[in-house]
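What follows is a short report on a single structure.
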Amino acid sequence: MDKDLLRQVILGKLASLSYDESQSLSFKLTNQLIKFFSSIPELKDQIGGAYLPLKAEMAPAYQELLKQVPLDLAFPVLIEGQMHFGLPNGMPRGSTWLEAPYHLAEPSWFFVPGVGFDLKGARLGRGKGFYDRYLEGRGALTIGLAWTEQIFERIPVERHDCHMDFIITENFCWDVAQQEKF
C-alpha cells in the first residue's frame, strides 16, 4: 500500500475514536511513558521535544506525565517556515505550534507524532516533512507515540524519512534496536 492510501486508512481509524476512547488511550499511553522513563532515567535530566497533538493524534496527558516524571519539554515553533523548538513559560499553549512566550531550545530526545509506525522504526508522518527535515543529521533519540492500531507490519519509507529508536503505545514500550518489548 502506498503512503497516501495508508495515511488515509489510518487517519480514518483515528477519526472514528470517540472523545472518551481517545482520552482513555492517552492516559494508558502516559502510564507506558512513566514506565519508559523509569527504565531510562538519564533522559529526565535532558530537554525533551514534545508536540501539541492535532485532532485524533495520540499524545500523552502532559499534566499527568509531568506530575509523575519531572521533565523539561520543548514544543514545536514555526519560524520562517522552519520547525524549531521552544520551552514555554508555564503550560504550553497553541494548536500545532507553540504560542509565545517561549525561549528556543535544542532538545536531546523527541516524542515524535506519526500516522503509522512499524516495529523496525519506520514512521509515516502527515506528509509535510517537518520532523524529517528537523531531525536529519541531529542524532537525537526518537520516541514514536502511537495507538496499537497505528502499528503495521511494514511502513513504506524513503531515504529522507526519520526512523524511531523507541515506539510507545498504550500497551507496550518497544526498543527498535533490541526488537523487544519492555
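Among residues of the range 97-114 that are under 25 Å from Ile40 (Cβ atoms), those with a beta-carbon under 6 Å from a residue that is loosely packed, with under 15 Cβ neighbours inside 10 Å at least six positions away or on a different chain give the pairs Ser108/Gln46. Restricted to the range 129-156, and to residues there that are out of contact with any Lys or Arg (no Cβ under 8 Å at 6 or more places or on another chain) and aliphatic (A, V, I, L, M), the residue that is nearest to Leu14 (Cα to Cα) is Ala146. On the stretch given as the range 3-27, residues that are hydroxyl-bearing (Ser, Thr, Tyr), over 29 Å from Glu158 (Cα atoms) and exposed (fewer than 13 other Cβ atoms within 10 Å of the Cβ) total 2.
For the residues Phe85, Phe36, the requirement of being touching a residue at least 12 places away in the same chain (Cβ under 8 Å), not in a strand (DSSP E or B) and not small (Gly, Ala, Ser) singles out Phe36.
Out of Asp132, Asp72, one residue alone is under 14 Å from the mean Cα position of the chain (by Cα) and either at negative phi or surrounded by fewer than 21 Cβ atoms within 10 Å (Cβ to Cβ) (or both). It is Asp132. Of all residues in the range 158-182, those satisfying the criterion of being surrounded by fewer than 11 Cβ atoms within 10 Å (Cβ to Cβ) and touching a Lys or Arg at 6+ places or on another chain (Cβ under 9 Å) are Glu158, His160, Gln179. Among residues of the range 39-54 being in contact (Cβ under 8 Å) with a residue 12 or more places away in the chain and surrounded by fewer than 15 Cβ atoms within 10 Å (Cβ to Cβ), the one that is nearest to the chain's Cα centre (by Cα) is Leu54. Exactly one residue among Leu78, Leu66, Leu87 is out of contact with any helix residue (DSSP H, G or I) (no Cβ under 9 Å at 6 or more places or on another chain) and more than 25 Å from Trp174 (Cα to Cα), and that residue is Leu87.
Any residue at all in the range 172-181 that is farther than 14 Å from Pro113 by Cα, more than 16 Å from the chain's Cα centre (by Cα) and among the β-branched types (Val, Ile, Thr)? Scanning the range 172-181, I find no residue that is farther than 14 Å from Pro113 by Cα, more than 16 Å from the chain's Cα centre (by Cα) and among the β-branched types (Val, Ile, Thr), so the answer is no.
Every number here is computed from the coordinates shown, using simple stated rules; none is lab data. Everything numeric in this text was worked out from a predicted model, so none of it was measured. Note: ideal-geometry Cβ built from the backbone for every residue, glycine included; neighbour counts use all protein chains shown.
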